[in-house]
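The values are calculated or read from the model by the stated rules, or taken from the named source; none is laboratory data. Being a predicted model, the structure only gives us computed values, none of them experimental. Ideal geometry is used to build each Cβ from the backbone, glycine not excepted, and the neighbour counts take in all protein chains shown. For accessibility, only protein heavy atoms count, side chains too; no ligands or nucleic acids. Shrake-Rupley method; radii C 1.70, N 1.55, O 1.52, S 1.80 Å.
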Amino acid sequence: MIFLIIGLIIIFIGLKNFKKGFYYFLFYKVCLVTNITVLSVPGVPLLTLDLFMTVAFFLMYCMKREKMQLECISFPYSVPFKWIAVSYFLSTLFAYIGPISAFSQYIGQMISEFVFTWLMWKIIDRKDIGYIIKGIAFMFFFSCIYAFYEKLTETNPIQEYELTLVSDASRAIDFLVTDDTFRGYRVQSFFEHAIGAGINWGMFVVLYFSFDIVYKFNFSKLCMITAILCIPCIFFSNARGPIVFLMISVLSFIDLKNKIFYKYFIVGAILLIFALPLFTDYADNLLSIFNTEVQEKVGGSNAEMRVEQLDAAFELMMQSPIVGFGYKFMNELHSTLVSKLLGLESMWFRIMTQFGILGVIVNIILLYYSLVKLPRHYKSRPLFFISLAYWVTASLTSVPGMLMYLYYLILIIFIKQSDRYFVEHKYGLIR
């Protein structure tokens, strides 16, 4: 009930002051997970609080847009998003579980991921970037404090409470990993999964240090403390994916010609020496990225398993090559090939089987925009490396619990902070 009350308060604020309410929603979304629902009745599509609030703010936007000062430059991701929407719609029409059953998930993804990203582009003002980062930092600070509590107690009462919020218990998602034989307890704070939690913390680390080092923003001490706290939390998640994400994305702010970078490097090295005892339990997890023998020791997926999943995904795709099997096909299609997919531990395995060749093609278009067209157009190093970090990590493993809205929010922030955007916006150059 407390989550719903906060959500309704934010919606009420949005009715009075749309931009202020929308920014509060951006902050609140950090802790909204699938189990926080408005409606979870058997036989009726699940309505999460996140989706409910997204629809509410979209409707408010439609009613208030004529009175607001909105972004005049075209949405940079409009082309790949439109093609993805068309491709996934065709897959939904021919879904294995039937178009009616698959349609609710299609609408949910389109609204929560693509429509909301477009809304962020239209509403976020360049001059508000500092305020937005501070608000996100406030939420991540509490996620870190709670992560340390979870690390010490190996309990997560918030997650346990959220499981009780779903009226239809069969739909509740329990991602808590309390006893991993090889790795031990995996911290996830109030995020949906330990892997996603680690990546989320990594995204904030890159966001903060990129703005501090590259763009020389003057943030409060709370923002810096939060970014520092996020680093051990990434290791507490006890997953390899977040470490890979961090190793790539930190290239956003590594600048050997920048004095601020050396200041952080020296301070970081000193802190690491004193903090080493915290990380000894995670040494094998880090080394397993580079050493197959250590990988066998810590368990989890390996290259052999990935190849098996790829073979199974390819064979399944060939049974419905153009549009795939659509959403939720694994719920009803039971075969040896489906069992070999395991957890679909690559975004491409999911795309191949759910959306077929068309889905692969439209996502390659998105990849091109993310890694080539937009970073080159806006001449943004951070935009390229955080995009690269996502595409590499999501290609190598599954990323449950990763806040996709936060990923796109950070991309939008980097775009709007670029010099090229400033010139285009100043002179009204609409692409």
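Report the one residue of Pro80, Tyr185, Phe235 whose Cα lies farthest in the direction of the positive end of the charge dipole of the chain (charges on C-beta: Lys and Arg +1, Asp and Glu -1; origin at the Cα centre).
Pro80
Would you list Tyr215, Tyr421 from the most to the least accessible area, probe 1.4 Å?
Putting Tyr215, Tyr421 in descending order of accessible area: Tyr215, Tyr421.
Mind running the shape call on the stretch 104-244? Use the C-alpha gyration tensor, a ≥ b ≥ c as the square roots of the eigenvalues: rounded below 1.5 for a/c, prolate if a/b tops b/c, oblate otherwise.
oblate
Quick one: pull the percent of accessible area on the stretch 4-113 belonging to carbon and sulfur, 1.4 Å probe, ligands and nucleic acids left out.
69
Do the sum for the chain: with -39,500 (n - 2.57) for every DSSP H run of n ≥ 4, divided by all residues, what is the mean residue ellipticity at 222 nm, to the nearest 500 deg cm²/dmol?
-20000 deg cm²/dmol
Please arrange Ile266, Ile124 by accessible surface area, largest first, computed with a 1.4 Å probe and ligands excluded.
Of Ile266, Ile124, the descending order of accessible area is Ile266, Ile124.
Using a 10 angstrom cutoff on alpha carbons, build the Gaussian network for the chain and name the most mobile of Leu49, Leu32, Leu93.
Leu93
Could you state how much accessible area Cys72 has, in square angstrom rounded to the nearest 10, with a 1.4 Å probe and all protein chains kept in place?
Here the residue's solvent-accessible area equals roughly 60 Å².
What is the percent carbon and sulfur in the accessible area of the stretch 334-431, measuring with a 1.4 Å probe over the protein chains and ignoring ligands?
65
For the chain, just say rounded, prolate or oblate: build the C-alpha gyration tensor, square-root its eigenvalues into a ≥ b ≥ c, call rounded for a/c under 1.5, and beyond that prolate if a/b exceeds b/c, oblate if not.
rounded
Which of the three applies to the stretch 73-127, rounded, prolate or oblate, going by the alpha-carbon gyration tensor with a ≥ b ≥ c and a/c under 1.5 meaning rounded?
oblate
What size of dipole, in debye to the nearest 20, comes out for the chain about its Cα centre when the only charges are +1 on Lys and Arg C-beta atoms and -1 on Asp and Glu C-beta atoms?
It comes to approximately 2200 debye.
Considering only protein heavy atoms, what is the solvent-accessible area of Val205 at a probe of 1.4 Å, reported in Å² to the nearest 10?
0
Please give the solvent-accessible surface of Lys340 in Å², to the nearest 10, using a probe radius of 1.4 Å with every protein chain present.
We get 100 Å² for Lys340.
Beta carbons within 10 angstrom, averaged per residue: use that to sort the peptides 221-228, 127-134, 380-387, highest first.
380-387, 221-228, 127-134
About the Cα centre of the stretch 344-426, how large is the charge dipole given +1 on each Lys and Arg Cβ and -1 on each Asp and Glu Cβ? Please answer in debye to the nearest 20.
Dipole magnitude for the stretch 344-426 comes out near 320 debye.
Quick check for you: with a 1.4 Å probe and neighbouring chains kept, what is the accessible area per residue of the chain, in Å²?
On a per-residue basis, the chain sits at 46 Å².
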